[in-house]
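Reading through the structure tokens given below for one structure.
The values are calculated or read from the model by the stated rules, or taken from the named source; none is laboratory data. Predicted model, so just to flag it, every value in this text is computed and none were measured. Ideal geometry is used to build each Cβ from the backbone, glycine not excepted, and the neighbour counts take in all protein chains shown.
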């Protein structure tokens, strides 16, 4: 690393080490020396993005990170350039190929989570320790980056409510299919009434939803702007070649702008996220058959769902805040719940 940093002929550096150490110190030193850095390191970008961007701009170089969110999907550039005339108020995406592969296989084969995870590991789609993927942490860092670019200030990934897919079952997919829906791990960021909230969690989405057909290891991001409306970016979100394509595109961009600063609106200063407790939505709920009457008494009006699962009663609630739902769920003693999009 010292040889790279001390070589005056090197103007652009690719950092693909991953993690915070030693990547943070190396990147910071490179930028302070006026060397542009292109990275796929989502953990570093999510934690120190605005600081490193500011250092780069002060030293007439650039810190680019197209590959950190969508792999080969161009999403950072559209947010920084193509959509600058828009007031973006919502970003929703499938941002992790491993979990999308697992959910797709569970739906198609009626298989359980553990067996599909094992297969994904054997095929190299899941790490030996899959926690970052299946618990939603990977998608959380990615939506933190997109949220920061959406509002121009730093959204801490530690503040984002995150829930993984480990509790999703084959029975959940049976119910979803009976309703013409599917289940996806969505990363969301929305601005409503001047308040920003972000979350990562499994959602049931309608079969006509644009993200419902994003399957296997593919990723997609939906962006909503005040004038353009909805736009969608789709492709391979992971893998060596798609990621390399995005990194090299940043290298080319830096080479075209040597000595010039490339626009990126992401300033230091944390955004205070609104808790999800007041977010309103419907919920899909499963309870034991003997709790049917109690559940209907507590939740009131509900749409019953039949999927031939023995010993269970399932229904969809009316629209209500998360806090109200959680209070009622605690009274009822539910088996599981999935948010509806």
| request: Can you tell me which residue within the stretch 220-241, out of those that are crowded, with 20+ Cβ neighbours inside 10 Å and closer than 20 Å to residue 18 by Cα, is nearest to the chain's Cα centre (by Cα)? | output: 237
| request: Check residue 262 against each of (1) more than 30 Å from residue 278 (Cβ to Cβ); (2) surrounded by fewer than 20 Cβ atoms within 10 Å (Cβ to Cβ); (3) not assigned by the TED database to the domain that holds residue 144 and name the one condition it does not meet. | output: (2)
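Can you find a residue that is part of a helix (DSSP H, G or I) and within 13 Å of the chain's Cα centre (by Cα) anywhere in the stretch 110-133?
Yes.
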| query | Counting residues that are modelled with pLDDT under 95, which strands (runs of 3 or more DSSP E) fully inside the stretch 239-311 reach at least 2? | reply | 267-270
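Against the condition within 21 Å of residue 245 (Cα to Cα), at pLDDT 95 or above and either assigned by the TED database to the domain that holds residue 159 or assigned to a helix (DSSP H, G or I) (or both), how does residue 51 come out, does it pass?
Values: within 21 Å of residue 245 (Cα to Cα): no; at pLDDT 95 or above: yes; either assigned by the TED database to the domain that holds residue 159 or assigned to a helix (DSSP H, G or I) (or both): yes.
It is false that residue 51 is within 21 Å of residue 245 (Cα to Cα), at pLDDT 95 or above and either assigned by the TED database to the domain that holds residue 159 or assigned to a helix (DSSP H, G or I) (or both).
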| field | Of all residues making up the stretch 104-123, the number that are surrounded by fewer than 16 Cβ atoms within 10 Å (Cβ to Cβ), in contact with a helix residue (DSSP H, G or I) (Cβ under 6 Å, 6 or more places away or on another chain) and closer than 14 Å to residue 134 by Cβ | value | 1
| said: If a residue must be surrounded by fewer than 24 Cβ atoms within 10 Å (Cβ to Cβ), in contact with a helix residue (DSSP H, G or I) (Cβ under 6 Å, 6 or more places away or on another chain) and in a loop (DSSP other than H, G, I, E, B), how many such residues does the stretch 60-103 contain? | reply: 1
